[in-house]
Structures are given as structure tokens and as C-alpha cells.
Amino acid sequence: MNRILSAIVVFVTFAFAPLLSNAAGTPDATLDISGARGAVGVGYLQARGTLHYQEKDYHVQVRGLAVGEVGGGTFTAAGDVYNLHQISDLEGNYVAGSAGAALAGGGEATAMKNQNGVVIKLHATTQGVDLNVSIDGLALKLAK
């Protein structure tokens, strides 16, 4: 089992290396989110947060699916946003690659990119039990 998990982590790392290289330098904005996730095989994520961009705060909503997840719990995440040229570029569908395991307070890192070229690097902390080796699809929009 450990070999399989290690192989998947290595694959995800190499598969998303080009994505991470697109997000170098100073971030254009920061993002803080919190929410809940849960799954048995296919999971669901729902969160709310705040984007800090050009000295303004924008409320956001995040919803998504994860494949290859077992468990659930609540999470908080903070990260940097790159390639955000205007606020409307933030909205869209993001593809994320992540691998992590959390047992009562573990951490996970995720990099994701949308159709507008916006890249978000998040560092999350999960409360609960969660095993996640997945490619996630996320929809992020500005809250009305």
C-alpha cells in the first residue's frame, strides 16, 4: 500500500510541475477559505472564503468534486493567487492535483489552474480523517 501511495504522490508531483512553474514570483492576490469535505471514493467539497486583491476583499464560493478520497471533515486553507490580471479572471473551473493524508489535523498542498490562466497554490489543514489521492475539479465564483 505504501508503494502505491508513494508512486501516486510522485506521479502527481511530476504531472503538475509545469503548472507550478507558471506561478513563480510575487503573487497577485491571496486567498483564505474554509469549509467541509467528505467522501467514499467520490467526494464533495463546499467552502467559502475571501480573496484579498488590490487592497480590497472579495467573498468567494468554492464547490468541487474529488475522485479517490475516503473520509471527510472540515478544513481551512490559505494560499497565493498568480496571473490574476482582473477580478473577473478568478471565476471559473479549476483543475487541481493533490495527494495527502490527514488524521485529526494533517496538512495538504494543492496547485490548481483555471481556463483564464489563473493559478492558485493552497496549503490546507484538515480536521477529521481523510485519505486523498485525487485529481479535483473545482468551481470558484465571486459571492453575490
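The values are calculated or read from the model by the stated rules, or taken from the named source; none is laboratory data. The model shown is predicted, which means the values in this text are computed figures rather than measured ones. We place every Cβ from the backbone using ideal geometry, glycine too, and count neighbours over all the protein chains shown. To get the accessible areas, we keep the full protein, side chains included, count just its heavy atoms, and leave off ligands, DNA and RNA. Shrake-Rupley method; radii C 1.70, N 1.55, O 1.52, S 1.80 Å.
Find the residue count for the range 29-49, including only residues that are modelled with pLDDT of 95 or more and polar (S, T, N, Q).
Qualifying residue count, the range 29-49: 1.
Which residue is most open to solvent (accessible area, probe 1.4 Å), if the candidates are limited to the range 98-122 and must be part of a strand (DSSP E or B) and modelled with pLDDT of 85 or more?
Within the range 98-122, the match that is most open to solvent (accessible area, probe 1.4 Å) is Lys113.
Hey, any hits in the range 76-92 for a residue that's modelled with pLDDT of 80 or more, under 14 Å from Asp136 (Cβ atoms), charged (D, E, K, R) and in a strand (DSSP E or B)?
No; the residues of the range 76-92 include none that is modelled with pLDDT of 80 or more, under 14 Å from Asp136 (Cβ atoms), charged (D, E, K, R) and in a strand (DSSP E or B).
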